[in-house]
1. Choose one of B:Met90, B:Gly100, B:Tyr149: the residue whose Cα lies farthest towards the positive end of the charge dipole of the stretch B:83-171 (beta-carbon charges +1 Lys, Arg; -1 Asp, Glu; about the Cα centre).
2. Lysines near A:Lys517 by alpha-carbon distance under 17 Å, same-chain residues fewer than 8 away left out - which ones?
3. Helix A:416-426: angle to the longest alpha-carbon principal axis of chain A, degrees 0 to 90, nearest 10?
4. Let me confirm one metric for peptide B:326-333, namely the mean number of other chain beta-carbon atoms within 10 Å of its residues' beta-carbons.
5. What order do you get for B:Phe334, A:Phe94 when you list them from fewest to most C-beta neighbours inside 10 Å?
6. Round to a whole angstrom and tell me the spacing of the C-alpha centers of the stretch B:284-347 and the stretch A:377-417.
7. Determine the shielding of peptide B:163-174 by partner chains: average, over its residues, the number of Cβ atoms on other chains within 10 angstrom of each Cβ.
8. Quote the convex hull volume per residue of chain A, based on C-alpha atoms, as a whole number of Å³.
Amino acid sequence: MMRSLFLRCLRPLAAPVLAAVMAAAFVLAGLMAAAPAARADAAGDALALFASKSYDDIEKGIADLAASGHPQAIDILSALGDRRLHVAGDAIVFEDAAGTWHDALTGAALDGEPAGAKAVRANNRIRRAVDAALGQLTLMSADAGKRYDAALSVFKSRDQASLPLVRSALETEQDGKVKRALQQALAALTLYGDADETAKLEAIDVIADMGNQDALATLVGVPEPTPAMAEAISSAQDAIESSLAIWSGVQSVYYGISLGSVLLLAAIGLAITFGVMGVINMAHGEMVMIGAYTTFMVQEVIRNSAPFLFDYSLAIALPLAFLVAGAVGVAIERGIIRFLYGRPLETLLATFGLSLVLQQAVRTIFGPTNREVGNPSWMSGAFDLGGLTLTYNRMWIIVFAFVVLAILMVVLRRTAFGLQMRAVTQNRRMAGSMGIRTNWVDSLTFGLGSGVAGIAGVALSQIDNVSPNLGQGYIIDSFMVVVFGGVGNLWGTLVGALTLGITNKLLEPVAGAVLGKIIVLVALVLFIQRKPRGLFPQKGRAVER
Amino acid sequence: MITKRIFGNDRLTLWFLGILFGVLALVAVLNLATTPDSAFHVPTYAVALMGKYLCYAILALSIDLVWGYVGILSLGHGAFFALGGYAMGMYLMRQIGPRGVYGDPILPDFMVFLNWKELPWYWLGFDNFFFAMFMVALVPALLAFVFGYLAFRSRVTGVYLSIITQAMTYALLLAFFRNDMGFGGNNGLTDFKDLLGFNLQTDGMRVTLFVSSGILLAACYLLCRWITLSRFGKVLIAIRDAESRTRFMGYRVEGYKVAAFTLSGIMAGLAGALYVPQVGIINPGEFAPQNSIEAVVWVAVGGRGTLVGAAIGAIVVNLGKTLFTGWLPDLWLFALGGLFVFVTLLMPKGILGTVPQLLEMARNRRAQNAVAEKAPDAPPSADAPKGAGE
């Protein structure tokens, strides 16, 4: 990641500019008086050290190369870090990220891998040295992100050799974020160097303000603190720890909302079939699974025939998953469930049997192993918010769950179909007398619930393994959500899903994942016994269905 | 009508017990008294397999008692079965003594492996057979009582109850998977050696366990039959058919339900206890919700609310499972799933309700044909006998 950024930023730079920047850096650092010839010699000597078998020599070579101001020092060092730097006879060569071979001393491109090339040895110590050297070299980069990363790496390595460089970089730095990072790096260097107590106390303040795990680690390891420093450190430590605790609480809540939205997606279709129609569909999880496999099929077709559409694969899969799962749902309703209305326990058994058949069918067709469903580019990666790292796929699923909920609300309350559906569930015979085809409404309602489950499958395919058992993992939780929230109430389902999700994630750090889940299940069972009709019970005649 | 039903059932009871004891005796003799190369020899693995079926039949019986007669569809009876099994497993573990892989005189192997220094308190006393047998009944009974008391008191009924029983067994499944629960985690309890000092692997022991399972099945059957025919049983049936009405008539519905549920839990626990030495292992998989639902289907296949049907259903379905998974392993789940759908849609009374009905229909048709042959113009008889299941 870092390296590719690196090269992408560097490639457009003209070599002379780079050389000039390098030269400026090292003039300022006062490490050497730059004269082109001397530089070439220094670089040549440094490179020669890489041929050595001793790690000490290689490490010295890294420091010398960084100091030499060689125009391609960065490329060479990062090549070393990735074991792309080779010794071929007397020459040192490296392979750049694009796969082209270069002579390290001149930078000239070679045709193909030279005979007898052997990778320069690198262990963790060498990699650390490479990182530190790169940190020094890139503090002067033209790219702000690069400089920021470099400042962070100085902060972590606390390599006193970079102190003058950091100082000079601070003087010229314009970007606020980079400047702060540089100040923090400087503070860390001060703290670990031989500055006086006042300077060190100031440095402690600067680092304490960072308030993250790195700051904590830096403060804890300070060598030989004076009593005043020790006091400052311990109070800073307390402050950081409490702020970290708050952030981890926020993080747990976010994960909880994320889990809650997954539960919401899985349970929302059930809220229609179970909540509105009163049909226990144990095959609901398999509708989710069908949706996930539809996504897999769509991606498979796209991979084979139209790879450029890959980023739209989910958008294509959504309506298809709805239709496929919905059609299966209608078929189930017509074929089995309509004969069992008013016999909920029999419905439960029949649909459970169906879920076994569907699972086995998928296992026979697609095989028992996990199928790979890829994330489109806009769903992969993560971003930082305060002390949190949020992944895009989790965030989109939260958004998506709420959108689906909103659409369903509108369908139920604002469309003719929703009106008929509610009429049929409230008073079937009366609705029939008003000319509503109750059979059709039943089928379509069941189809809608199943279709929504299929949509949930598309979303779940992004964060869970797509296997024949996908649905099984969600069925008990989904029923819990619906029963907990109160049957026949979409708001209840929302509240139920979020409550369960957040409680689960808050308990996880305290009790562990499995025990947390057990506690939630037991609490739920007890809750249902106190309020058998859930958080938001239906009132009036509908209760005695 | 009622007397006829009892009479009909009585004949059924005689047939059932007669066949059961006949098979027990026959298998015992054919296994022990014949040589392996004899054509009549019943191999020991088959004895263990049949013993397993009999334990399943007891489990089915316990489900039928609450589902068929009280209308409680428990999807968590596997939990009671497994708890009884674990209690038995703990006794068998203690019987291993110093013969484990690590040779610790007291601690089971998995505890040595986890670096535990002494037995957890809840393992104490399990070296005593009678204490262990007491726990086999007590632990499931306690769980059933507490769970039933809480659920029935707050009038959780129907599918809600089914779902929370399922959550109960699921929670236990997760709990028993944990290593620090002290029940062997994922691997469960296995490598048993002795029961009451007798080697579990001998033919004699296998047959003894098989016969004990049969006797326990007969005892449970008679107990359930006695209960369901008693006054108490009539109240249970009344609760099944009209719970609110029964309550309005002054019966304490919760008390009846808890009693039946607890008794059923104990029966399931005993079944589990006999099951474990015959299959040689107990692990958290027994708690899986799917096992409990499968057990409900045995009852549905045999005929809900008939007791004998539950036992027959358990044996028939499991026999089918053994044969199917041997011949066509991929098709078993299709068959099982199809069975669920088929039975609920087309055979709601199960084998025991449907087969006599079919026989009756066939007899009626023959009778009608006979009548029609004698007097072609006569209308069909109006007072044809009703189906046996009515």
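1. Final value for the positive-end residue is B:Tyr149.
2. Filter leaves A:Lys505.
3. Tilt of helix A:416-426: around 60 degrees.
4. So the per-residue partner count for this stretch is 2.
5. Ordered from fewest to most neighbouring Cβ atoms within 10 Å, B:Phe334, A:Phe94 come out as B:Phe334, A:Phe94.
6. If you average the Cα positions of each part, the centres end up 41 Å apart.
7. 6
8. Taking only Cα atoms, chain A has a hull volume of 205 Å³ per residue.
Since every read-out is calculated from the coordinates, none of them should be taken as a lab result. Just so it is clear, the model here is predicted, and its values are computed rather than measured. Cβ atoms come from the backbone with ideal geometry, glycine included; neighbour counts cover every protein chain shown.
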